[in-house]
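A.B. asks: Can you keep this structure in mind? I'll have questions shortly.
Every number in this text was worked out from the coordinates using simple rules, so none of it is lab data. Keep in mind that this is a model prediction, so the values were computed, not measured. Don't worry about glycine lacking a Cβ; one is built from the backbone with ideal geometry, like all the others, and counts go over all protein chains shown.
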Amino acid sequence: MPGFLRNNVDRYPDIFNFRLLHLRVICLTSPDYIQYVLQKNYKNYEKGLGFDELRLVIGDGILTSHGESWLANRRLMQPAFHRKTVRNMAGRIVECTENLAKEWEEAEGPVIDVHHAMLTLALNIICKTTMGIYLSGDIQKVDASMEYLVRALWERAAGAVKLPLWVPTPQNTGIRKYLKQLDEIVWKVIRERRKQQEQPDDLMGILLNSQDVETGKKLSDEELRDELITILLAGHETSANALSFAWYMIATHPEVEQKFHEELEKVLNGRAPGFNDLEKLTYTTQIIRETLRMYPPIYAAGRKAIDEDEIDGHRIPKGVFVHIPIYGMHYCERYWENPDQFDPERFTEAKMKERDKFVYLPFGAGPRTCIGNHLAMMEMQLALATLGQQFRLRARDQYPLRLDPVMSLRPKGGLWMELRRR
């Protein structure tokens, strides 16, 4: 599907229909129409295909809930992602990344799976910034649980027949096993944190203390569990994929790599990066934004019409699925010059101001924009800057980049690259 829409968005009108198995889907390729669905009339469009399957794992977290329930939880979670809160996470992100750098220094053999390394790094970061802990011995359990659940839920979402989880199929048995394994770890953390008189200033501490100013509501243990699982699942997978693709693009574009290293030397001169350095690491940020254009981890957005609607004279029936091809929009020649070329210069401040923001959607748009987008950007900036000062990665011809569009867009079969000390 991503490849089809990447190659064909320019051939289709701004709105068109296609069939997905037994479903009729309306696809939007106009930024005005996308803005209408995601922002102007977003209340009529709830999360679409695949989210019922996600709900099996993450419950009614901020990613899967709708209406007033979503709005209440969004208000409760917003303080945890304010700029001041995110700023305080910078040191923990660098600490986790420096731990990975030590492992790379001791790595045996020059070829490593960069994708697996980034998944482990992102998982450690999300656990440290969210719950204030390193999983240490549990990291492999969480990693295995996440990997299985992402793949299994995608297969369920894409399948025509969805048997209840109590039916003892091999896949259902696996989902129950790994979900239990994940839940045991999260519930243990919740119980321990509830016993503490004062909460640390990590995201979980803020969530535990959050209270809706309008209703006085606080998160229950069940709601806290759903939000933590949501952050773990969505927060580590997407960042890890984007970082993996960024390393590959840096390695395969020598002129980009040279400018990247020149900026690191000029801004940091060998020291560890911090939050105050981010605004100076402009080219590093451009690399990330261009990587997110070419390889957006969230490669499509789906919505379901709650009531019948009309978009510029086109009838949108009640219950129909609306598809927004983020991956395809990022390659559409109507909006991007030479879209197949990796060019971080597209994302200078001046060029970003000129561009319609609804043609570039790595974090979605409208009221349901990814709540953790600033944290994710900071994580990627600091990780690239920390590791980029010490290491170079080289692509190997025998390990070409292949794409695997499951719940998010990831490298297929890992991303094996040669590790070199600078």
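A.B. asks: Going by how many other beta carbons lie within 10 Å of each one, how would you line up Trp166, Trp70, Trp247, fewest first?
C.D. replies: Numbers: Trp166 7, Trp70 19, Trp247 27.
Least to most surrounded, the residues fall as Trp166, Trp70, Trp247.
A.B. asks: Okay, moving on. So if each residue of separation counts as 0.36 nm, and I subtract the Cα-Cα distance between Thr252 and Arg176, what length gain in nm does that give? Mind showing how you got there, number by number?
C.D. replies: Values: separation 76, 0.36 × 76 = 27.36 nm, distance 4.10 nm.
Additional length available on full extension: 23.3 nm.
A.B. asks: Among rounded, prolate and oblate, which fits segment 318-422 when a ≥ b ≥ c are the square roots of the eigenvalues of its C-alpha gyration tensor, a/c under 1.5 means rounded, and a/b larger than b/c means prolate?
C.D. replies: On the way: a/c = 1.70, a/b = 1.48, b/c = 1.15.
Here segment 318-422 falls in the prolate category.
A.B. asks: Another question about this same structure. Tell me which of Leu63, Gly270, Phe342 sits at the most positive position along the dipole axis of the chain, charges placed on C-beta atoms (Lys, Arg +1; Asp, Glu -1).
C.D. replies: Leu63
A.B. asks: Mean residue ellipticity at 222 nm from the helices of the chain, using -39,500 (n - 2.57) per DSSP H segment of n ≥ 4 over the full residue count, to the nearest 500 deg cm²/dmol?
C.D. replies: Rounded to the nearest 500, the figure is -15500 deg cm²/dmol.
A.B. asks: Evaluate the charge dipole of the chain about its Cα centre and quote only its size in Debye, nearest 20, assuming +1 on the Cβ of each Lys and Arg and -1 on the Cβ of each Asp and Glu.
C.D. replies: Charge dipole of the chain: 520 debye, to the nearest 20.
A.B. asks: Figure the gain on full extension for Lys84 and Lys218 (residue separation times 0.36 nm, minus the Cα-Cα span) and round it to one decimal in nm. Intermediate values should be presented prior to the final figure.
C.D. replies: Numbers: separation 134, 0.36 × 134 = 48.24 nm, distance 2.13 nm.
Here the answer is 46.1 nm.
A.B. asks: Next up: Modelling each spin label as a point 7 Å along the Cα-to-Cβ direction, I'd like the Glu279/Lys40 distance in nm, to one decimal.
C.D. replies: 3.4 nm
A.B. asks: Taking Cα extents along the principal axes in Å as the quantity of interest, determine which of (1) 72, 57, 48; (2) 58, 56, 46; (3) 148, 63, 39 was computed from the displayed structure.
C.D. replies: Correct label, based on the coordinates given: (2).
A.B. asks: How much length, in nm to one decimal, is gained on full extension between Tyr12 and Lys357, taken as 0.36 nm per residue of separation minus their Cα-Cα distance?
C.D. replies: 122.1 nm
A.B. asks: Calculate the spin-label point distance for Arg422 paired with Leu403, positioning each point 7 Å from the Cα along the beta-carbon direction, and give it in nanometres.
C.D. replies: It is 3.0 nm.
A.B. asks: Quick one: if the Förster radius is 30 Å, what FRET efficiency do Asn269 and Trp104 give, using the C-beta to C-beta distance and rounding to 0.05? Walk me through the numbers on the way to the answer.
C.D. replies: Values: r = 21 Å, r/R0 = 0.70.
Once rounded, the FRET efficiency stands at 0.90.
A.B. asks: While we're on this one: How high is the FRET efficiency from Ala157 to Glu310, r the C-beta distance, R0 35 Å, rounded to 0.05?
C.D. replies: 0.80
A.B. asks: What's the exposure ranking of Ile326, Ile371, going from fewest to most Cβ atoms within 10 Å? Kindly include the intermediate steps, with their values, before the conclusion.
C.D. replies: Numbers: Ile326 26, Ile371 22.
Listed from fewest to most nearby Cβ atoms, that is Ile371, Ile326.
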